[in-house]
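Below is one structure, written out as structure tokens, with a few remarks after it.
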Amino acid sequence: MTRIWKHAECEFDETLSIAKLREKVKNDRAKFFEHLQHWEILGDDRVLRCKVLTYDVDLDAIADRKQYLEWILRIHSKQWMTESAFAEFVTATRYLLGDRLHV
């Protein structure tokens, strides 16, 4: 069995196999999306909507890193954007777009 990752939060020396690491990421992702406070996901993970202002971000329109960074700057510049809403947006988009953008 190949071990590739040491869990930083464990009190004991635990390393995870690739399968266990994938399962942990899957569980962490599900838990994150269950507890969104500022955003909701629509359309089979294709749209992020801000709950407060009904501000939509079409994730299909983000095709590369440049467009992703443009959205980051656009979202960050909004006066209604709070620190926690911004952090939640960045984390959600990394989960949803990470494979496509290699982020």
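Summary of values
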| quantity | calculated |
| --- | --- |
| Residue in region 50-72 that is within 14 Å of A85 (Cβ to Cβ) and touching an Asp or Glu at 6+ places or on another chain (Cβ under 7 Å) present | yes |
| Positions within region 77-91 being more than 16 Å from the chain's Cα centre (by Cα) and loosely packed, with under 13 Cβ neighbours inside 10 Å, in sequence order | S77, Q79, W80, T82 |
| Residues satisfying the stated conditions in region 73-89, i.e. touching a helix residue (DSSP H, G or I) at 6+ places or on another chain (Cβ under 7 Å) and without any contact (Cβ under 8 Å) to a residue 40 or more places away in the chain | I75, H76, M81, F86 |
| Which listed residue is surrounded by 19 or more Cβ atoms within 10 Å (Cβ to Cβ), β-branched (V, I, T) and more than 8 Å from the chain's Cα centre (by Cα), from I62, I72 | I62 |
| Residue match in region 94-102 (condition: outside any loop (DSSP other than H, G, I, E, B), loosely packed, with under 13 Cβ neighbours inside 10 Å and aliphatic (A, V, I, L, M)) | no |
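Every number in this text was worked out from the coordinates using simple rules, so none of it is lab data. What you see is a predicted model, and the numbers here were worked out from it, not measured in a lab. Every residue, glycine as well, gets a Cβ built from its backbone with ideal geometry; the counts of neighbours run over all protein chains shown.
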